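Take a look at the structure set out below.
What follows is calculated from the coordinates using simple rules that are stated; it is not laboratory data. This is a predicted model, so every value here is computed, not measured. Positions of Cβ are backbone-derived with ideal geometry, glycine not excepted, and every protein chain shown enters the neighbour counts.
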Amino acid sequence: MSTAVSPAPAGFAPALRRLYFVRFGFAVVWAALLVLTGQELGAAGAVLVVLYPLFDAVAAVVDARSSRAGSSAAGLYVNIAISLLAAVGLGIAAASGAPAVLRIWGAWAFVSGLIQLIVAISRRALGGQWPVILSGGLSVLVGVSFFLSAGQAAPSLVGIAGYATLGGVFFLVSALRLGRAARTGDRPAPGSSR
C-alpha cells in the first residue's frame, strides 16, 4: 500500500536527526534523575514528571517548524496540545500521589504514542523511521500498562524511567539510520515500507 507523503523542506532530515539525538540525550538524563529521586513522589519527582511532557511539546514545536511543508505537521500540533495538557494534568496529579500520576502518564503515553506512530508512518519515505514507528506502537501498549498499574498496592514511578530510556534509544537508532541514509544516498521510494 502506498502512502502519499508531501515533500519535506530542504535540510529536513538533518534537522530531524539532530532533534532525535537531543531527544535521546534528554530521555537518558531525565530517566537517571527520576531514578535518583527514588520511589517516593517528592518535589523533585513532581517537577520531573511535569518536565517530560513539556520537553515533548517543545520537541514537537521544533519538529513542526522544520517540517511545516510536510504532511506530518498537523499531527505534531495535536501532539503539542496533548503534551501541554498532560503537563498540566501531571502537575495537578502529583499532589495526589503516584497512582494519579501513573493514570495521567498512561493516558498521555497512549495518545502521544498513537500520534507518534501516525507521524512516523507518514515519514517512511525519509528512511530511519522504523524505530520511531516501533516506539509509538510500544508507547500505546505501555500507556495502557501504566494506567492499569496505578491500581496496584504500591505503584512506582520507576517504570516510567525505563519507558523514557527505551523511547530515547529508539530516537537514537532512528537518528543513526537517518545519518546512514544521508551518507549513502539511500533514499527509499515514496510509499516503500522501509
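Key figures for this structure:
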read-out: Listed residue (S156, A43, I115) projecting farthest to the positive dipole end of the stretch 12-184, Cβ model; value: I115
read-out: Highest-first arrangement of 148-160, 107-119, where packing means the average Cβ count within 10 Å; value: 107-119, 148-160
read-out: Length gained when the stretch V144-L84 is fully extended (0.36 nm per residue, less Cα-Cα span); value: 19.6 nm
read-out: Relative packing of 87-93, 122-128, which averages over residues the other C-beta atoms within 10 Å, highest first; value: 122-128, 87-93
read-out: Kirkwood hydrodynamic radius over Cα pairs of the stretch 12-184, then Stokes diffusion coefficient at 37 °C and 0.692 mPa s, in µm²/s; value: 205 µm²/s
read-out: Alpha-carbon centroids, the stretch 82-98 and the stretch 132-149: separation in whole Å; value: 18 Å
